[in-house]
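Input: a single structure, listed below in structure tokens.
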Amino acid sequence: MDHPSKTVSESRTVMTDLVFPPDTNHLHTIFGGKVMAHVDKIACIAAMRHCRRAVVTVSSDSFDFLAPIKTGEAINLEAYVTWVHKTSMEVFVKVESENLLTAERRLTARAYLTFIALDDEGKPTAVPQVIPETDEEKSQYEHAEERYHIRKKRRAEKVH
């Protein structure tokens, strides 16, 4: 079955949530695992929007925590498909904190995740190619194949 290409913007997903005390540690900043769960969820949605199939997470790499998010701040996430291989998709996620009283925003985390699309029998299936449009999307697209080969090499080393 032929899959028409899709633009990056067709997968773009945005999510905002408020950070409450149960979401935080003894320093009153959000648990890293909570941020990672948000990242995996929004990346999954972006991947499914791109291929309109069930997907599974294959890897999460380049997950960098850059700044904390405090109780009472908003966590803002943005995700989109940056590149595809045959059955896999690389999804970029950007996480920001937002002080809702001052409007100050800070970049707090970035991550690349890889998802595989599944057919109705749960087997990997082909996904549409992705078309980058903005300068940022084009830059990520140009470097994605290199990230793909680094992930592939890392996985091969862990198997042996």
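Structure above, values below:
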quantity: Residues being within 15 Å of the chain's Cα centre (by Cα) and closer than 30 Å to H3 by Cα - total across the stretch 59-107; calculated: 19
quantity: Members of the stretch 117-160 found to be assigned to a helix (DSSP H, G or I), of a type in the set (D, E) and touching a residue at least 24 places away in the same chain (Cβ under 8 Å), listed by number; calculated: E137, E145
quantity: Flag if K34 is free of Cβ contacts under 8 Å to residues at least 12 places away in the same chain and surrounded by fewer than 21 Cβ atoms within 10 Å (Cβ to Cβ); calculated: yes
quantity: Of the criteria (1) touching a Pro at 6+ places or on another chain (Cβ under 9 Å); (2) of a type in the set (A, V, I, L, M, F, W, C); (3) part of a strand (DSSP E or B), which one L27 fails; calculated: (3)
quantity: Condition met for T108 (touching a helix residue (DSSP H, G or I) at 6+ places or on another chain (Cβ under 7 Å), under 22 Å from L66 (Cβ atoms), in contact (Cβ under 8 Å) with a residue 12 or more places away in the chain and surrounded by 13 or more Cβ atoms within 10 Å (Cβ to Cβ)); calculated: no
quantity: Subset of the stretch 123-150 [over 21 Å from C51 (Cα atoms) and either modelled with pLDDT under 85 or loosely packed, with under 11 Cβ neighbours inside 10 Å (or both)]; calculated: D135, E146, H149
quantity: Inter-residue pairs, beta-carbon under 9 Å, first at pLDDT 95 or above and in the stretch 59-77, second surrounded by fewer than 16 Cβ atoms within 10 Å (Cβ to Cβ) and of a type in the set (S, T, Y), 6+ apart; calculated: A74/T16; I75/T16; N76/T16; L77/T16
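The values are calculated or read from the model by the stated rules, or taken from the named source; none is laboratory data. In this text, all values refer to a predicted model and were calculated from it rather than measured experimentally. In this analysis, Cβ positions are derived from the backbone assuming ideal geometry, glycine residues included, and neighbour counts consider all displayed protein chains.
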